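S.K.: Here's a structure for you.
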Amino acid sequence: MTAASDASALAAAPAVRLDIWLWAARFFKTRSLAKQAIEGGKIDCNDAPAKPSKALHAGDRLRVRRGEETFVVDVVALSEQRGPASVAQTLYRETDESRAAREALREQRRMQGHAAPATKPDKRARRLTRALGDIDAF
């Protein structure tokens with residue numbers, strides 16, 4: 001095959017905008033949140049920064065960073081409509097390395113526990129805090 005026929009085959013293959021696919025696959029609640037994440041550099045497509053209008057094809061690999069979690073997924077199917085979660089999960093396949101890394105991170109956070117205060121401040125402590133104002137500003 002020549003380079004011209006490869007380009008025409010790629011153009012003929014079905015494609016969906018990246019921000020729409022991320023919304024349809026339920027990685028983000030709204031399309032505008034997906035667009036903000038892409039523009040913020042949180043989404044890589046085939047190990048390169050992407051734009052919201054990037055044409056996504058089946059077989060592409062995405063790295064999605066959401067909060068402390070990072071997903072590495074292979075696009076299996078395309079969709080422009082947001083459906084139930086069970087249908088959305090069929091649009092991609094998460095790599096084994098990504099799943100193992102997320103589980104390890106989740107277990108590490110669980111072992112560290114929460115950094116919550118031991119007790120709730122009493123009335124006197126709340127008044128003192130209010131009187132001092134923002135003590136971190138000093």
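The values are calculated or read from the model by the stated rules, or taken from the named source; none is laboratory data. Just so you know, these numbers come straight off a predicted model, no measurement behind them. When we count neighbours, we look across all protein chains shown, and the Cβ atoms used for this are built from the backbone with ideal geometry, even at glycine.
S.K.: If we keep just the residues of the range 67-81 that are part of a strand (DSSP E or B) and more than 9 Å from the chain's Cα centre (by Cα), which is farthest from Ala100 (Cα to Cα)?
M.R.: Taking the range 67-81 as the starting set, the residues that turn out to be part of a strand (DSSP E or B) are 69-75.
Among the residues that remain, those that are also more than 9 Å from the chain's Cα centre (by Cα) are: 72-75.
Numbers: Val72: 11, Val73: 13, Asp74: 16, Val75: 19 Å.
The selected residue is Val75.
S.K.: Please determine whether any residue of the range 107-115 is more than 14 Å from the chain's Cα centre (by Cα) and in contact (Cβ under 8 Å) with a residue 12 or more places away in the chain. Give the derivation first.
M.R.: Taking the range 107-115 as the starting set, the residues that turn out to be more than 14 Å from the chain's Cα centre (by Cα) are 107-115.
Checking which are in contact (Cβ under 8 Å) with a residue 12 or more places away in the chain leaves us with 109.
The answer is yes; a qualifying residue exists.
S.K.: Examine the range 39-53 for a residue that is under 21 Å from Pro14 (Cβ atoms), among the aliphatic types (A, V, I, L, M) and in contact with a Leu (Cβ under 7 Å, 6 or more places away or on another chain), and state whether such a residue exists.
M.R.: Within the range 39-53, one or more residues are under 21 Å from Pro14 (Cβ atoms), among the aliphatic types (A, V, I, L, M) and in contact with a Leu (Cβ under 7 Å, 6 or more places away or on another chain).
S.K.: In addition: Specify which of the listed residues (Glu97, Glu103) is in a helix (DSSP H, G or I), of a type outside the set (Gly, Ala, Ser), farther than 18 Å from Pro14 by Cβ and touching a strand residue (DSSP E or B) at 6+ places or on another chain (Cβ under 8 Å). Give the steps one after another, and end with the answer.
M.R.: Values: Glu103 fails: touching a strand residue (DSSP E or B) at 6+ places or on another chain (Cβ under 8 Å).
Being in a helix (DSSP H, G or I), of a type outside the set (Gly, Ala, Ser), farther than 18 Å from Pro14 by Cβ and touching a strand residue (DSSP E or B) at 6+ places or on another chain (Cβ under 8 Å) holds for just one of Glu97, Glu103, which is Glu97.
S.K.: If I filter the range 76-133 down to residues being exposed (fewer than 10 other Cβ atoms within 10 Å of the Cβ) and among the hydroxyl-bearing types (Ser, Thr, Tyr), which single residue comes out as farthest from Leu56 (Cα to Cα)?
M.R.: Among them, the one singled out is Thr119.
S.K.: Can you pull out the residues in the range 116-138 that are in a loop (DSSP other than H, G, I, E, B) and either at pLDDT below 80 or among the small types (Gly, Ala, Ser) (or both)?
M.R.: Narrowing the range 116-138 to residues in a loop (DSSP other than H, G, I, E, B): 116-122, 133-134, 138.
Answer for the range 116-138, where residues must be in a loop (DSSP other than H, G, I, E, B) and either at pLDDT below 80 or among the small types (Gly, Ala, Ser) (or both): Ala116, Pro117, Ala118, Gly133, Asp134, Phe138.
S.K.: Do we find a residue being modelled with pLDDT under 85 and more than 30 Å from Lys29 (Cα to Cα) anywhere in the range 99-115?
M.R.: No; the residues of the range 99-115 include none that is modelled with pLDDT under 85 and more than 30 Å from Lys29 (Cα to Cα).
S.K.: On to the next question. Considering the range 47-64 alone, what residues qualify as being buried (at least 19 other Cβ atoms within 10 Å of the Cβ), assigned to a strand (DSSP E or B) and out of contact with any Cys (no Cβ under 9 Å at 6 or more places or on another chain)?
M.R.: The answer is Val64, and nothing else.
S.K.: Kindly evaluate Lys35 against the criterion of being under 14 Å from the mean Cα position of the chain (by Cα) and surrounded by 17 or more Cβ atoms within 10 Å (Cβ to Cβ).
M.R.: On the way: under 14 Å from the mean Cα position of the chain (by Cα): yes; surrounded by 17 or more Cβ atoms within 10 Å (Cβ to Cβ): yes.
Yes, satisfied.
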